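Written below as structure tokens is the structure these notes are about.
The values are calculated or read from the model by the stated rules, or taken from the named source; none is laboratory data. The shown structure was predicted, so the numbers you read here are calculated from the model rather than taken from an experiment. Quick reminder, even Gly has a Cβ in these numbers, built from the backbone with ideal geometry, and neighbours come from all protein chains shown.
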Amino acid sequence: MHSAQTQRLTRHALIYLVLIAGAAVMIMPFLWMISTSFKDMGEVRAWPPTWLPQHLDLSNYHDIWQQYPMLLFLWNGFVIASLTTLGTLISCSLAGFALAQLNFPGRSLLFLVVLSTLLLPYQVRMVPIFIEMSKLGWIDSFKPLIVPAFFGSAYGIFLMRQFFLGIPKELKEAAILDGATPFGVFWNIFLPLSKPALTALGIVAFVTSWNDLLAPMIFISTFEKMPIALALSFFKGQGEALWPWLMAASVISMLPLVVAYLAAQRWFIEGMTFTGLKQ
Amino acid sequence: MRSVPQSVVEPASAQPEARRASDAVIAQPRRLMTYRAKEAAWAYLFLTPFFIGLVAFIVGPVVAAFAISFTSWDLLSPPVWIGLDNYREMAADSLFWTALGNTVYFTAVSVPLGLILALGLATLMNNKLPGIDLLRAIYFFPVTASIVAVSLLWAWMYTPNFGIINYMLSQVGLPAPSWLVDPKTAMPSIIIMSVWRGLGFNIVVFLAGLQSIPRDLHEAAQLDGAGEWNRFRKITLPLLTPTIFFATVMGLITSFQVFEQTYIMTQGGPGNATLTIVYDIFQNGFTFLRMGYASAMSFVLFAILFVITVIQVRLQTRWVHYA
């Protein structure tokens, strides 16, 4: 064999070795989560630990389902995340379309405003927003978590604007000359073309809302109204943690998104890193 | 969400396009005028939700936070104006300084560590090898995972007595730290877990940056006899600086807001070793109902982030190369 070829093969083998070792570090904790979720406390305290559960026992899942309204928590999370996603898609596609395709005074300035709001962390605004929501009587309801999404997010507007910029303006002009209104152009031409961007943004909005802890912590206090992420944060409790049981609850909380990720990982990755890729 | 664009340039096409549309209707200048006005009106209509949101949930609250920071307010009785007292109290509040110090510690270690690891792994992935898409999806998975679930998982893995991490360390003859239980190792534990969770995000960002570097540059350098390391240093790294800049700005902003991990895994302990600024704000605002003090703290957080971002934007001219 030529030495150059041998060198190439060794190089590739080394690259795979490093990358696969890294991938194992990324994925093994999740396998450990699943493995633990089938064990009982006795097996969890065993030393050396068992890699695989001694028997495939579903009783942790069964117990959680019996003790807590898990389906309700999942449903709450689903309702909040779905409506948040809907609101984000509507408000951000409208604003993004205006910023990309319509001419109006103050457009560049407004775009700068959108960009600068990206830098304002939620934590800086959360005290006044909490006060605002309590004045509206919305505390301990889903509204504080959902309603703001219908008024746009800087990230979503930016994403949609960048996407709409990529669509030739001739499409809009031709339709306008045929007598269409800007809303008609948006609804009939641009929205059907923007399915990839809407999918990416929708996934980001859903995942962010589903996994969010801070905002639900502030606004929701009744156990029956909690989305799954918040409910899960209450399960640990004081004293010795019931790890198998907690891991089973964690698996349940992650399952819907895992299924979605397996089906559409490309969209997750593109949506969640969008602004890094396109300028 | 997470996102700061590296450079956003207004499209040069916007104006000429409008003019082209106007050429078609040049014979009817009056119709053109009304169309332009109409289009602007539509644009403002499209933007109405955003305008409302801007006032109600962004600019309004920031202004309000500033005003509230000069009051003492428990929400039950009316706010009382106390001038700069909250800021004075903060300056003397050792807990605040601990929280600030911890947050800086977390940021100063986790951001560079995460960036270097991601850069290395992304460089390896940038070789056109089969199966890279699968690896990329595996590395990205923790980014999408629930932070609460992942925090519980790591708390379990870090358990000193039965934890899998200490078991593996003992297998290779390494000492077993107490991880989250020991004030010295608690923050490093949080950092390791956070780097693990965010790694995939930076990998994908770097991978996109790497893929935009023309291959012929590397090939030309290779013909000139440049070794792999030299090509990485002299070609890849300079051309990747805009991406590194973006990832750094984003990393600093998000890591200054670290909260969930410490809330779930350590409740800020042991001995406040993992108390962060956002945790401190949360506790003052929503546990002790000290809205004025919490607002003052959140404004300091905002000021810190603002200054850091401005400094970075200023410094970027020295090291970021835009092609």
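Annotations for the structure displayed:
- Residue pairs meeting the criteria (Cβ under 6 Å; at least 6 apart or on separate chains; first at the interface with chain B (Cβ under 9 Å from one of its Cβ atoms), in the stretch A:202-218; second among the acidic types (Asp, Glu)): A:213/B:260
- Residue under evaluation residue A:57, criteria (1) in a loop (DSSP other than H, G, I, E, B); (2) surrounded by 11 or more Cβ atoms within 10 Å (Cβ to Cβ); (3) facing chain B (nearest Cβ under 10 Å), criterion not met: (3)
- Put simply, of B:31, B:36 the only residue that is facing chain A (nearest Cβ under 8 Å), modelled with pLDDT of 50 or more and either closer than 30 Å to residue A:167 by Cβ or part of a helix (DSSP H, G or I) (or both) is B:36.
- For the stretch B:166-209, the candidate set comprises residues that are more than 20 Å from residue A:22 (Cβ to Cβ) and aromatic (Phe, Trp, Tyr); within that set, the residue that is nearest to the other protein chains (Cβ to nearest Cβ) is B:167.
- The one condition in (1) surrounded by fewer than 14 Cβ atoms within 10 Å (Cβ to Cβ); (2) in contact with an Asp or Glu (Cβ under 8 Å, 6 or more places away or on another chain); (3) not aliphatic (A, V, I, L, M) that residue B:96 fails to fulfil: (1)
- Of the residues making up the stretch A:1-46, those that are assigned to a helix (DSSP H, G or I) and of a type in the set (Lys, Arg) are A:8, A:11.
- Residue within the stretch A:3-14 that is over 23 Å from the mean Cα position of the chain (by Cα), facing chain B (nearest Cβ under 8 Å) and aliphatic (A, V, I, L, M) present: no
- Residues of the stretch B:54-81 that are buried (at least 17 other Cβ atoms within 10 Å of the Cβ), closer than 16 Å to residue B:296 by Cβ and of a type in the set (A, V, I, L, M, F, W, C): B:62, B:64, B:65, B:68, B:70, B:73.
Listed here are the residues, each with its yes/no results for (1) modelled with pLDDT under 90; (2) in the same structural domain as residue A:218 (by TED's automatic domain parsing); (3) acidic (Asp, Glu).
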{"site": "A:148", "(1), (2), (3)": "no, yes, no"}
{"site": "A:151", "(1), (2), (3)": "no, yes, no"}
{"site": "A:167", "(1), (2), (3)": "yes, yes, no"}
{"site": "A:170", "(1), (2), (3)": "yes, yes, yes"}
{"site": "A:177", "(1), (2), (3)": "yes, yes, no"}
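- Single residue of A:139, A:167 found to be aliphatic (A, V, I, L, M) and under 30 Å from residue A:72 (Cβ atoms): A:139
- Restricting attention to the stretch B:240-290, the residues that are more than 10 Å from chain A (Cβ to nearest Cβ), aliphatic (A, V, I, L, M) and touching a Ser or Thr at 6+ places or on another chain (Cβ under 8 Å) total 4.
- Test for residue A:124: is it of a type in the set (A, V, I, L, M, F, W, C), at pLDDT below 90 and in contact with a helix residue (DSSP H, G or I) (Cβ under 9 Å, 6 or more places away or on another chain): yes
- Of all residues in the stretch A:208-215, none satisfies being of a type outside the set (Val, Ile, Thr) and at pLDDT below 90.
- Of everything in the stretch A:105-161 that is basic (Lys, Arg) and over 17 Å from residue B:54 (Cβ atoms), the residue that is farthest from the other protein chains (Cβ to nearest Cβ) is A:143.
- Enumeration of residues in the stretch A:181-198 that are more than 11 Å from chain B (Cβ to nearest Cβ) and either crowded, with 16+ Cβ neighbours inside 10 Å or aliphatic (A, V, I, L, M) (or both): A:189, A:190, A:191, A:193, A:194, A:197, A:198
- Index of the failed condition, residue B:139 passing every other in (1) surrounded by 15 or more Cβ atoms within 10 Å (Cβ to Cβ); (2) more than 8 Å from chain A (Cβ to nearest Cβ): (2)
- Scanning the stretch A:250-271 for residues that are aromatic (Phe, Trp, Tyr) and either touching a residue at least 12 places away in the same chain (Cβ under 8 Å) or more than 9 Å from chain B (Cβ to nearest Cβ) (or both) turns up A:267, A:268.
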